[in-house]
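Undergrad: Take a look at this one; I'll ask things after.
The values are calculated or read from the model by the stated rules, or taken from the named source; none is laboratory data. Fair warning: this is a prediction, and the values are worked out from it, not measured in the lab. A quick note on method: Cβ atoms are made from the backbone with ideal geometry, for glycine too, and the neighbour counts reach across all protein chains shown. Ligands, DNA and RNA are excluded from the accessible area calculation, which covers all protein heavy atoms including side chains. Shrake-Rupley method; radii C 1.70, N 1.55, O 1.52, S 1.80 Å.
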Amino acid sequence: MNKLALGIGAILSVVLLSCQVTDSTKLDETQWRYATDPHGSQAILNGSLVTTERVEIAFKRVPRVDKLNNSWVELIYDLPSKQLPEQASITLTYQSDKDMVIKLSQKDYGGEGDKTYAHYQTVLPAASTWTTQTVTLNDFQRPSWTPASSIDKGIITNHVSALYFVPDLTDAKGGEAYIKIQSVSVK
């Protein structure tokens, strides 16, 4: 009987440990932030950006100002390790009233690189209820507007420090959108 109790105790310990691993996917407010252009686009919060249940934000994006000054809005998830795993898959549970672009913030294309911000990206469909989608690096492409001057270095996983979640609003019209994220897992 004593060995049975020890066996059950060991099994219970393993089950509890696995619950703790699952629990580590809670949203960490220090990993989330947002950014908007200096041309009048806005981030709208209803309380805190991050709660124990979700990340939630709304945006108002102004139309593109002129040829040299574009508008933009971004919900940013800073990767805990500041890089992607080699064969990364990203699983996201989200709601968004517009299609949502996921961009890989890779220094080669950003402010430390060629400054085109033509990051690899993929698009998830709008979802009015909680929806879970998984994407892999094979799902990401550079945008069609990438200038010829931007040399494609591919996805260099140890150069990707963050994921940007962006409502798919047009440069010409701007618009309003919301994004809610319940969980994000990068493996």
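Undergrad: Taking only pairs six or more apart or across chains, which ones have beta-carbon atoms under 8 Å, a first residue in segment 115-127 that is under 16 Å from LEU137 (Cβ atoms), and a second residue that is open to solvent by less than 30 Å² (accessible area, probe 1.4 Å) and small (Gly, Ala, Ser)?
TA: If the second residue must be open to solvent by less than 30 Å² (accessible area, probe 1.4 Å) and small (Gly, Ala, Ser), the pairs left are HIS119/SER105; HIS119/GLY110; LEU124/SER96.
Undergrad: Here is a follow-up. Considering only strands (runs of 3 or more DSSP E) fully contained in segment 78-187, which possess at least 1 residues that are in contact with a His (Cβ under 9 Å, 6 or more places away or on another chain) and open to solvent by 20 Å² or more (accessible area, probe 1.4 Å)?
TA: Filter on segment 78-187 gives 100-106, 160-167.
Undergrad: Then there is this: Condition test on TYR109, is it touching a Pro at 6+ places or on another chain (Cβ under 9 Å) and hydroxyl-bearing (Ser, Thr, Tyr)?
TA: So TYR109 fails the test.
Undergrad: For segment 19-27, does any single residue satisfy the condition of being in a loop (DSSP other than H, G, I, E, B), at pLDDT 95 or above and closer than 23 Å to LYS180 by Cα?
TA: no
Undergrad: Of everything in segment 50-77, what is in a strand (DSSP E or B) and hydroxyl-bearing (Ser, Thr, Tyr)? Give them in sequence order.
TA: Scanning segment 50-77 gives a single hit, TYR77.
Undergrad: While we're looking at this one, here's another question. Test GLN106 against the stated conditions and say whether it is of a type in the set (S, T, N, Q), within 24 Å of SER81 (Cα to Cα) and out of contact with any strand residue (DSSP E or B) (no Cβ under 6 Å at 6 or more places or on another chain). Lay out the reasoning, then the answer.
TA: On the way: of a type in the set (S, T, N, Q): yes; within 24 Å of SER81 (Cα to Cα): yes; out of contact with any strand residue (DSSP E or B) (no Cβ under 6 Å at 6 or more places or on another chain): no.
Answer is no for this residue.
Undergrad: Here is a follow-up. So in segment 28-49, with the set limited to residues that are without any contact (Cβ under 8 Å) to a residue 24 or more places away in the chain, of a type outside the set (A, V, I, L, M, F, W, C) and assigned to a loop (DSSP other than H, G, I, E, B), which one is farthest from TYR178 (Cα to Cα)?
TA: Selected residue: PRO38.
Undergrad: Being surrounded by fewer than 15 Cβ atoms within 10 Å (Cβ to Cβ) and charged (D, E, K, R) is the filter here; which residues of segment 59-77 pass it?
TA: ASP66, LYS67 - these are the residues of segment 59-77 that are surrounded by fewer than 15 Cβ atoms within 10 Å (Cβ to Cβ) and charged (D, E, K, R).
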